[in-house]
Amino acid sequence: QCTEPQKLFNIANELLHTEEAYVKRLHLLDQVFCTKLSEAGISSEVITGIFSNISSIYCFHGQFLLPELKTRITQEWSVNPRLGDILQKLAPFLKMYGEYVKNFDRAMDIVNTCMQRSSPFKDVVQNIQKEEVCGNLTLQHHMLEPVQRIPRYELLLKDYLKKLPEESPDRKDAEKSLELISTAANHSNAAIRKMEKMHKLLEVYERLGGEEDIVNPANELIKEGHIQKLSAKNGTAQDRYLFLFNSMVLYCVPKLRLIGQKFSVREKMDIAGLQVQEIAKQNVAHTFSITGKKRSLELQARTEEEKREWIHVIQATIEKHKQNSETFRAFNSSFSQEEEHFPDSSIVSTSSVESMPGADGGGALGGSDSSRKSSKSKRDKEKQACKSCSESFNSITKRRHHCKQCGAVICAKCSEFKPLADNSRHNRVCKECFLQLPVSPCSPGVEALGEQKKRLAAEKQSILAAENSLFSSYLQFLEKGKTWYKMWVAIPKSEPLVLYLQGSSQDGRSPRPIPLPGYEVSLPGSGEKFEVKHVFKLCQSHQTLYFSAEDEELQMKWMEILTKAAKGETEDTTEGLSNP
């Protein structure tokens, strides 16, 4: 029987041991796989596409989080038995995991493609996988570790909180940590489920000998199993195998092979238009039929229970497919009506119309037709990418939304929620409308929401004040395009590895956190020319951030401090500096 303090220590110890094992896996990904692939001449684009920002994640855990946990649990626990305060510091770094999880599907595709098409890539990966440190696991398995890590923090924290006394000084920090980590864990869990689903599809693909193109995120394997097919000629039973997906049924013939292809596809039947029903045949039990657009099959299950299950699952899949189709049609219909509110003339400029053949005189009709085609193709293009970030939409990780105020097509990342004057609900709007729309005082709960935003903003402003910062000043900032923005830039004492960017107080936006571990700090390259002086940059995977200081002394000071923070060094080596 353990005492409550002993149980809490056991949980803390488990966290430490799993963190040590996790850092070893990150080392394997970043310092072994990544390094050896680079040495083998694999292009940097491929390596970045696979490993994303794994260097930053490895740097943060190896140089910051693990040492802090180790010191607390092995040296300080008797006088300071707390975890929440350390794990709360993890919050700004969860953004790194968001980038890794978002890139995960693409990374898997690149690995699978390279393993099939690039001999040097395949040789390096297979040689590393044979090493003892890999534990007989594949590169893909190790790549899943960062995706799985955040949900594990969540489980350990929940267990810790259950055993933590209500009056414990660590409760508030632990609860706040759990709240922040749980949000990130939801994204990771979704990626894990998607990965498991894709693994199932890949297995089926291999068992079918690569005959059917089923490794698609839209496909879902629902049921599979042996079945008997009744011959239409003489009624004899023949061994067959069914794969039921959300959009089709594959009717297969088993192949007597120990390795390689196990089944040959005899018939592919779409779920759309499919019918399933029980049939009664003399001297033959447990029979049912499935009828598609081109063929009907009479099948026999081994037991009555198995027959009922097949009928039930196939019927449920048909019904769900019908519902999804109706929902999709309804959405398309409403989308088309919505598009009618935007006249062609508002999209096609006058100059483009004038330049079209037949735009003057009797050819006006031809010009009008061309105008309509041009505007339609432009609208189609706008529907395919977010108005704000210009990233292409897809049905899984980048879904399309509409701003309820201006109608712009946007992604979730580029939107906010705000009550509009005509209703009390929180409506999705683009960030431009979010900043411009007044807060309606008559909307229930809006006042409280406004107060909460003010309070959070005030707290963050306080943290970013010069007296609470390791280092701070005004800098010019450039990320994309050619426009530089004046920003208040600070590294808070409470978060020494995070850089915060704050625009003017009038823009109403929260400070932007940038976790520094893993970034490279340098001067611009010889090919990078800027009108402003004293420029330096932060680089990591696909992202480059530029800053311009007022003078060379401030530029060098920032570069020195950022370089240390990027390496995970947190000693308080400087006093806050403010340039009003």
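The values are calculated or read from the model by the stated rules, or taken from the named source; none is laboratory data. Just so we're clear, the structure is a prediction, and the values are computed from it rather than from any experiment. Calculation scope for accessible area: heavy atoms of the full protein, side chains included, ligands and nucleic acids excluded. Shrake-Rupley method; radii C 1.70, N 1.55, O 1.52, S 1.80 Å.
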Accessible-area ranking of LEU221, LEU15, largest first, probe 1.4 Å: LEU221, LEU15
Length-normalised contact order of region 221-320 in % [C-alpha pairs under 8 Å, at least 6 apart]: 22 percent
For region 221-320, alpha-carbon Rg and Dmax in angstrom: 13.2, 39
Spread of Cα-to-Cα distances over 5 Å intervals beginning at zero, given as percent, for region 127-281: 2, 7, 12, 12, 12, 11, 10, 9, 7, 6, 5, 4, 2, 1, 0, 0
GLU39, GLU196, GLU132, GLU319, ranked by accessible area, largest first (probe 1.4 Å): GLU132, GLU39, GLU196, GLU319
